[in-house]
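Participant: Here you go, one structure.
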Amino acid sequence: MADQVWRLDFQMAPDADPAYVSRPEVARERVAAMLGHDIEFEIVWVGAYSYRTMLMERFRHGRLLFIGDAAHAKSPFGARGGNSGIADADNLGWKLELLLQGRAGPEIPDTYDSERHRAAEENVRITSRTGRFMQPRSKMEYTLRTAVLQLANEQQVFARSLINTGRMMAPHHYAGLPAFGARPEDGRLVPNVPLRRGGADCGLVDLLREANADLLAFVFDAGADLGELQRALAGLPVQLKVVGRDVEDTAGLLAAQTATPPGGIALVRPDSHLAAGFATTDPADLRAAVLRTLGRAPNGNQDATRPVLAEAV
């Protein structure tokens, strides 16, 4: 028992005094009442904390962009705080790189706002549900939690999945947002699938890192007219990778994870999210998808390759 370290959370009464309940002797009595007065234990740290939720209405305010805890705060469940901040940076970094290089227009940070704000809303919703399970705020919520715990204790397998002490962080699926294609798979994160190149092993992340903020268009058709595709993409931040020539998808995982059939194209963003997928290699479809990914209307009058100053951020 002495070699074990436990973290014990006790629910404070709404009118409790945090300073009083955090006193070591008060905490000791509460632990003893739970474990038994004949059990020896040592209190290493004791303190009161509460759950909170904050979410900015917008993450972009002109030249100011907010990420991580500066943009959103949530209850500490499921590692959704720090990890969502990392996802914010992963989403924004390549967009700012293209903007500062003059290879994208000033609209592209708006896609960061729409995408990561919805992800933050999802994380707030999930962590809030956990907080309400851990600390019920109504008689009905308390009844639900009691029932779930009792059923789980009675070996009712279905009830175990209802015990909500934190849903682990998962990548947000951006399906339905303007910068992505219309397929159900478009917008999801593509795992770092194993590939081969030049006879050596590599991963999807290796290719994305080497692309230096360019999008990657994986062409699953060795006989495709690359000249026509390259002309359609002239001046746009995208690189073509022919599967079977430039890179080998030996296990078929890239095709499976992007839901791309033979003869199609998968457009993957620098943050590993699938921007769009196609069953054909139509150049016009691919160009429209790239412009959409950059936050630009495919039929707009703006020139996607015009120089853009850093002050446009």
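The values are calculated or read from the model by the stated rules, or taken from the named source; none is laboratory data. A quick note: this is a predicted structure, and the numbers were derived from the prediction, not measured. Glycine gets a Cβ as well: all are built from the backbone with ideal geometry, and neighbour counts include every protein chain shown.
Participant: Just to be sure I understand, how many residues within segment 23-45 are in a loop (DSSP other than H, G, I, E, B) and either out of contact with any Pro (no Cβ under 6 Å at 6 or more places or on another chain) or not assigned by TED's automatic domain parsing to the domain that holds Met12 (or both)?
Facilitator: Here is the first cut: in segment 23-45, the ones in a loop (DSSP other than H, G, I, E, B) are 23, 36-45.
The next check asks that each one be either out of contact with any Pro (no Cβ under 6 Å at 6 or more places or on another chain) or not assigned by TED's automatic domain parsing to the domain that holds Met12 (or both); those that pass are 23, 36-42, 44-45.
Result for segment 23-45: 10.
Participant: What strands (runs of 3 or more DSSP E) lie completely within segment 144-224 and have 3 or more residues being within 16 Å of Leu267 (Cα to Cα)?
Facilitator: Passing ranges, in order: 215-219.
Participant: Does segment 184-199 include one or more residues that are modelled with pLDDT of 95 or more, within 29 Å of Leu96 (Cβ to Cβ), of a type in the set (Gly, Ala, Ser) and surrounded by fewer than 18 Cβ atoms within 10 Å (Cβ to Cβ)?
Facilitator: The answer is no, given that none of the residues of segment 184-199 is modelled with pLDDT of 95 or more, within 29 Å of Leu96 (Cβ to Cβ), of a type in the set (Gly, Ala, Ser) and surrounded by fewer than 18 Cβ atoms within 10 Å (Cβ to Cβ).
Participant: Hey, can you tell me all the residues within segment 152-173 that are surrounded by 16 or more Cβ atoms within 10 Å (Cβ to Cβ) and farther than 20 Å from Gly131 by Cα?
Facilitator: First, pick out the residues of segment 152-173 that are surrounded by 16 or more Cβ atoms within 10 Å (Cβ to Cβ): 152, 159, 164, 166, 169, 171-173.
Hits for segment 152-173 are Pro171, His172, His173.
Participant: If I filter segment 100-107 for residues that are at pLDDT below 90, crowded, with 16+ Cβ neighbours inside 10 Å and under 20 Å from Arg296 (Cα atoms), do I get at least one hit? Even if it seems obvious, please write down each step before you answer.
Facilitator: Taking segment 100-107 and keeping what is at pLDDT below 90, we get 105.
This time we only want the ones that are crowded, with 16+ Cβ neighbours inside 10 Å, so: 105.
Narrowing the set further to residues that are under 20 Å from Arg296 (Cα atoms) leaves 105.
Within segment 100-107, one or more residues are at pLDDT below 90, crowded, with 16+ Cβ neighbours inside 10 Å and under 20 Å from Arg296 (Cα atoms).
Participant: For the list (1) buried (at least 17 other Cβ atoms within 10 Å of the Cβ); (2) assigned to a loop (DSSP other than H, G, I, E, B); (3) of a type in the set (D, E, K, R), I need the number of the one condition that Asp90 fails.
Facilitator: (2)
Participant: Of all residues being among the hydroxyl-bearing types (Ser, Thr, Tyr) and farther than 24 Å from Asp90 by Cβ in segment 264-313, which is modelled with the lowest pLDDT? Just the residue, please.
Facilitator: Step one: filter segment 264-313 for residues among the hydroxyl-bearing types (Ser, Thr, Tyr), giving 272, 280-281, 293, 305.
Applying the additional criterion that residues be farther than 24 Å from Asp90 by Cβ yields 280-281, 305.
Working: Thr280: 96, Thr281: 95, Thr305: 37.
Taking the candidates together, the pick is Thr305.
Participant: Among the residues of segment 68-81 satisfying the criterion of being assigned to a loop (DSSP other than H, G, I, E, B) and either in contact (Cβ under 8 Å) with a residue 60 or more places away in the chain or buried (at least 21 other Cβ atoms within 10 Å of the Cβ) (or both), which is nearest to the chain's Cα centre (by Cα)? Talk me through it step by step, then tell me what you get.
Facilitator: Going through segment 68-81, the residues assigned to a loop (DSSP other than H, G, I, E, B) turn out to be 71, 74-81.
Keeping just the survivors that are either in contact (Cβ under 8 Å) with a residue 60 or more places away in the chain or buried (at least 21 other Cβ atoms within 10 Å of the Cβ) (or both) gives 71, 74-75, 77-80.
Values: Ala71: 15, Lys74: 15, Ser75: 17, Phe77: 15, Gly78: 13, Ala79: 12, Arg80: 9 Å.
By that ranking, first place goes to Arg80.
Participant: Before we move on, is Val193 under 26 Å from the mean Cα position of the chain (by Cα) and either of a type in the set (Val, Ile, Thr) or in the same structural domain as Ala289 (by TED's automatic domain parsing) (or both)?
Facilitator: Numbers: under 26 Å from the mean Cα position of the chain (by Cα): yes; either of a type in the set (Val, Ile, Thr) or in the same structural domain as Ala289 (by TED's automatic domain parsing) (or both): yes.
Judged against the criteria, Val193 is a match.
Participant: Go through the residues of segment 187-200 one by one and say whether even a single one is without any contact (Cβ under 8 Å) to a residue 40 or more places away in the chain and under 20 Å from Gly131 (Cβ atoms).
Facilitator: no
Participant: Of all residues in segment 203-246, which are acidic (Asp, Glu) and either in the same structural domain as Gln101 (by TED's automatic domain parsing) or more than 22 Å from Leu99 (Cβ to Cβ) (or both)? Reasoning before the result, please.
Facilitator: Pass one, segment 203-246, residues acidic (Asp, Glu): 206, 210, 214, 221, 225, 228, 246.
Answer for segment 203-246, where residues must be acidic (Asp, Glu) and either in the same structural domain as Gln101 (by TED's automatic domain parsing) or more than 22 Å from Leu99 (Cβ to Cβ) (or both): Asp206, Asp221, Asp225, Glu228, Asp246.
Participant: Of the conditions (1) surrounded by fewer than 19 Cβ atoms within 10 Å (Cβ to Cβ); (2) hydrophobic (A, V, I, L, M, F, W, C); (3) part of a helix (DSSP H, G or I), Val242 clears all except one; give me its number.
Facilitator: (3)
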